1. Per the Kirkwood definition applied to all pairs of different Cα atoms, how many angstroms is the hydrodynamic radius of chain B?
2. Taking the Cα centre as origin and putting +1 on Lys and Arg beta-carbons and -1 on Asp and Glu beta-carbons, what dipole magnitude results for the protein assembly as shown, to the nearest 20 debye?
3. With no solvent and one equal point scatterer placed on each C-alpha of chain A, evaluate the Debye formula and give log10 I(q)/I(0) for q = 0.22 Å⁻¹, two decimals.
4. For the range B:28-89, run through the trypsin sites (Lys or Arg not before Pro) and keep only the ones in DSSP coil with at most 14 other Cβ atoms within 10 Å of their Cβ.
5. Expected output is a single nm value to one decimal: the length gained when fully extending between B:LYS154 and B:LYS207, i.e. 0.36 nm times separation in residues minus the C-alpha distance. What is it?
6. Using amide H atoms built in the peptide plane, which far-off residues or other-chain residues are under 5 Å from B:ALA64 H to H?
7. Let me know the charge dipole size of the range B:70-193 about its Cα centre in debye, to the nearest 20, where only the beta-carbon of Lys, Arg (+1) and Asp, Glu (-1) is charged.
8. Determine the gain in length on full extension of the stretch B:THR57-B:GLN74; use 0.36 nm per residue of separation and subtract their C-alpha separation, reporting nm with one decimal.
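Read the figures in this text as sums done on the coordinates, not as results from a lab. Note that the coordinates shown come from a computational prediction; the quantities given were computed from them, not determined experimentally. FYI the Cβ positions are ideal-geometry reconstructions off the backbone, even for glycines, and counts take in every protein chain you see.
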Amino acid sequence: MAIIQRAPKPASVDPAATQAAAKAAATAPDSKSKKNMRGKREMFSVGFEPDLLAEFDAARSKLGLSRPALIKIAVRRLLDAGV
Amino acid sequence: MSIFVIGNSKGGVGKSTITVQIGLGRALQGKDVLVVNSDRQSSSSKAIDRRDAAGLTPSVTLVAYPDGEQLRTQVLRQIDKYDDIIIDAGGRDSSAFRHAMMIADAMLVPIAPGNFELDALEDELVPLIREIQASRADNPLPIYAFLNMAEPRKYSSDNIGTRKSIEAFPELQLIDLNVTRRKSIAAASTLGMAVSEMKPRDDKACKEIQVLLQAIFG
């Protein structure tokens with residue numbers, strides 16, 4: 001009878017395990033991939049009129065979202081609906 | 001089939017020696033064994049190379065994946081082809097060591113008696129284990145420690161002191177076996193031989209490795 005027990009499930013059967021492993025390994029001292037787990041993104045700045053920004057901020061604070069989050073949701077919906 | 005990691009963030013504790021003895025011990029039991037190195041040039045690779053060069057059989061399949069993601073992908077791809085996969089990992093915190101801990105079914109931590117070893121355990125390995133267990137979430141890795149390169153007298157103060165210190169860490173389960181620091185084990189591993197293949201035969205060494213194999217495989 002073996003003393004050494006095995007893990008409850010093999011790593012290969014858990015689809016979430018790959019991402020968890022990548023995250024765990026990303027903090028290793030030799031890790032080359034300090035990559036952004038959210039993927040590549042490009043930055044740009046947009047100027048808002050103060051009134052529109054105030055309205056926008058009021059809406060996002062109700063939802064508890066950040067400015068970039070709400071902008072991305074809005075753009076996604078707009079594109080999905082067809083401009 | 002199971003994946004075992006022989007790992008410690010501290011070098012010089014006999015990971016490669018143990019990897020060679022477990023890998024060849026299983027091969028001699030008729031199992032198909034894959035030995036994985038997390039370093040390109042490691043002692044266990046050289047040992048198996050020597051075995052193959054000497055034409056000794058049975059042998060084990062040997063691969064090296066110093067890159068963590070490659071180690072994960074390749075080992076998982078080969079999992080059904082072998083009875084046992086033994087990963088010789090660590091010596092330092094690395095992405096390969098972490099990936100090995102993420103895919104393993106169990107981990108064995110050889111610990112040599114000594115204060116440096118215990119410092120390294122507390123400062124490096126235990127925090128790493130905590131991080132990995134948090135990442136593995138509902139699938140914790142069973143981790144076992146044993147004394148390797150132990151003093152010949154089982155109850156020597158160094159052996160007992162080290163065991164007591166290890167017991168203070170709930171992250172590791174200390175198993176009741178010591179592998180003693182023996183010339184025969186070191187020499188066999190360097191030559192890529194199971195200790196049972198060495199002549200003249202060192203019965204005490206053979207018994208210790210046998211007990212270790214039984215603890216892992218039953």
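1. Taking every pair of different Cα atoms in chain B, averaging 1/r and inverting gives 17.2 Å.
2. That gives a dipole near 360 debye.
3. -1.10
4. Passing both the DSSP loop test and the Cβ count: B:ARG40.
5. Length gained between B:LYS154 and B:LYS207: 17.7 nm.
6. B:ASN37
7. 380
8. Length gained between B:THR57 and B:GLN74: 3.6 nm.
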